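Engineer: Input: one structure, supplied below.
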Amino acid sequence: MDNLISGFAILAQWQVVVALIIGSVGGVIIGALPGVGAAVAIAILLPATFAFEPIVGLTLLLGIYGSSMYGGAIPAILINTPGTAVNALTTYDGYPMTKRGEGHRALSLAYSASFFGGIFSILCLIILSPVLAWVAPHFGSREIFLAAFMGILLVVLAHRGQTFSAAMLASFGIFLNTVGLEPVKYTKRFTFDQSWLSSGINLIVVVLGLFAISQALLLLVDRDHAPGEAHVKGNIFAGLKELLGLKRIATVSSSLGVLMGMVPGTGEFTSQFLSYTYAQKTSKDPDKFGDGSPEGLVASEAANNAVPGAAMIPLLALGIPGEALTAMMLSVFYVHNVIPGPQLFADQMDFVMALYMALILLNVIVLVFLLFSTNLLLKIIQIPTRFLGVMILTLSFVGVFSLRNSVTDCAIAAGFGVFGLILKRLNLPIVPIILGMVLGGIMEVKLRSAMARVKSPLDFIDRPIAAILFVMILLIIALHIRTLVQEHRDRLKPQPTGDEDTTQQG
């Protein structure tokens, strides 16, 4: 109870309240702008948050992270253009409902399902807090190393069909983290006698380059266009009541979102796919899916909005980010010397409770804002894409330069921006690079710390949690190999020809 009261006191500061409102409302607007997304906005704002108190900076970023998917549903439903990548599945059933003249109903259901998923995941997070507080102190250096390694492994394997590319890009991220002075003896690594490489390659510079500058270049290179004009008529509040009739779908989808959010490398896309598949298989009208099914819309939106709250579990408990946005938030912790992990729950539980309450409040603020301002948002998002590109590019370079007043950082960010543009054009993933940099640094520090007490390879897994993590890693690799073998066998199977089909029919 004392931690809860202290958390309220932290959250009641006017700076935190302002950051929460700006982040929540701003995240909705950013999510509704096709081609921008939360990753770009967080990357741009990241340098500015270093000047704030940690709770203020994190509240601002959490507001954008948690609310962007609400906004992304608006253009997905009304003009068949998802505001963020994770809202792509929303177009399957949202836009057909709009074509039937049920745009207000689709939006209302999307808002209600998103709110349900967000609150559900936060409540799960609060319930799991005592468990986290008990388990986290049992994680030593070797356990955190194995958990970080498993995180990279899951991120790589999550990119089906691009596993090799993801592995190479994650390795490249780990390599980038090794440039500069190594953390123990401070010897130079991969600097090639260049003084500007001695301090290493800054994570925020890479983030801004790969996410913000590359997206700006993409918007500038592509044809200029603006989202079409749309207007919503009808009762936006009706979905709150209609969701009660779909509570089973909403609950299962939110549960899958929580489970996938806790597993590094899976996130919104996997949870959406699983929940949508479940909803279709258990529906009385499966043929309506993809043609304006309210169940499909609820399954998609509830699942993707349950992920942000759950993604905070490995970040707060172990200091291990599961995807790019939580990796960016981790840098805010480090700048203010607030280290996520076992000690955070033991020493700063009031800080953790304040974050939980901020997550709940942002969902309430966003829902109220959307119920009264959807048509206003539709006017705001009609901004030409090239104008957005110029704005993002300008703000990105301002953010990079403000880090260390370094023109060199701007040049590095521009280089990574071009590299990110190439990756996007080739449809290759960017996230493994960022997670490779973050988790690679954690792995190196924890491995060096653990090796001082390890005399043989078996000593590394002689503790229960370490042994469990090691077995999980082996199982993940074995299951992936089994999947690859099965896919290879399926490809080798002879496919029936048209003549054979005709013969069989005859």
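The values are calculated or read from the model by the stated rules, or taken from the named source; none is laboratory data. What you are looking at is a predicted structure, and each value in this text was computed from that prediction instead of being measured. We place every Cβ from the backbone using ideal geometry, glycine too, and count neighbours over all the protein chains shown. The protein model used for the area step is the full one, side chains on, heavy atoms only, and it has no ligands, DNA or RNA in it. Shrake-Rupley method; radii C 1.70, N 1.55, O 1.52, S 1.80 Å.
Engineer: Pairs only if they're at least six apart or on different chains, beta carbon under 6 angstrom, first in region 463-477 and more than 10 Å from Glu143 (Cβ to Cβ) and assigned by the TED database to the domain that holds Leu153, second assigned to a helix (DSSP H, G or I) and among the charged types (D, E, K, R); list them, first residue then second.
Structural biologist: Taking only residues 6 or more apart or on different chains, not a single pair turns up.
Engineer: Kindly list the number of the only condition in (1) open to solvent by 10 Å² or more (accessible area, probe 1.4 Å); (2) modelled with pLDDT of 80 or more that fails for His104.
Structural biologist: All conditions pass for His104, except number (2).
Engineer: Could you please tell me which pairs satisfy a Cβ distance under 7 Å, a separation of 6+ or placement on different chains, a first residue in region 35-63 that is surrounded by fewer than 22 Cβ atoms within 10 Å (Cβ to Cβ), and a second residue that is modelled with pLDDT under 80 and of a type in the set (Asp, Glu)?
Structural biologist: Taking only residues 6 or more apart or on different chains, not a single pair turns up.
Engineer: When His138 is evaluated against the numbered criteria (1) modelled with pLDDT of 80 or more; (2) farther than 30 Å from Ser253 by Cβ, which criterion, by number, is the only one it fails?
Structural biologist: (1)
Engineer: Return the only residue of Ser283, Ser331, Ser300 being without any contact (Cβ under 8 Å) to a residue 40 or more places away in the chain and either open to solvent by less than 40 Å² (accessible area, probe 1.4 Å) or not assigned by the TED database to the domain that holds Thr251 (or both).
Structural biologist: On the way: Ser331 fails: without any contact (Cβ under 8 Å) to a residue 40 or more places away in the chain; Ser300 fails: without any contact (Cβ under 8 Å) to a residue 40 or more places away in the chain.
Testing whether each residue is without any contact (Cβ under 8 Å) to a residue 40 or more places away in the chain and either open to solvent by less than 40 Å² (accessible area, probe 1.4 Å) or not assigned by the TED database to the domain that holds Thr251 (or both) leaves just Ser283.
Engineer: Now, a different point. Specify the residue that is farthest from Val40 (Cα to Cα); the eligible residues are those in region 185-210 that are assigned to a helix (DSSP H, G or I) and more than 28 Å from the chain's Cα centre (by Cα). Can you show your working first?
Structural biologist: Here is the first cut: in region 185-210, the residues assigned to a helix (DSSP H, G or I) are 195-197, 203-210.
If we keep only those that are more than 28 Å from the chain's Cα centre (by Cα) as well, we get 195-197.
Values: Ser195: 30, Trp196: 26, Leu197: 26 Å.
If we take residues in region 185-210 being assigned to a helix (DSSP H, G or I) and more than 28 Å from the chain's Cα centre (by Cα), then Ser195 is farthest from Val40 (Cα to Cα).
Engineer: So, Ala133, is that one among the small types (Gly, Ala, Ser), at pLDDT below 80 and either crowded, with 19+ Cβ neighbours inside 10 Å or in a helix (DSSP H, G or I) (or both) or not? Lay out the reasoning, then the answer.
Structural biologist: Details: among the small types (Gly, Ala, Ser): yes; at pLDDT below 80: yes; either crowded, with 19+ Cβ neighbours inside 10 Å or in a helix (DSSP H, G or I) (or both): yes.
Against the criterion (among the small types (Gly, Ala, Ser), at pLDDT below 80 and either crowded, with 19+ Cβ neighbours inside 10 Å or in a helix (DSSP H, G or I) (or both)), Ala133 qualifies.
Engineer: Cβ contacts < 8 Å: first residue open to solvent by 70 Å² or more (accessible area, probe 1.4 Å), restricted to region 384-398; second residue part of a helix (DSSP H, G or I) and β-branched (Val, Ile, Thr), any location; separation 6+ or different chain. Result?
Structural biologist: These pairs meet every condition: Leu395/Ile44.
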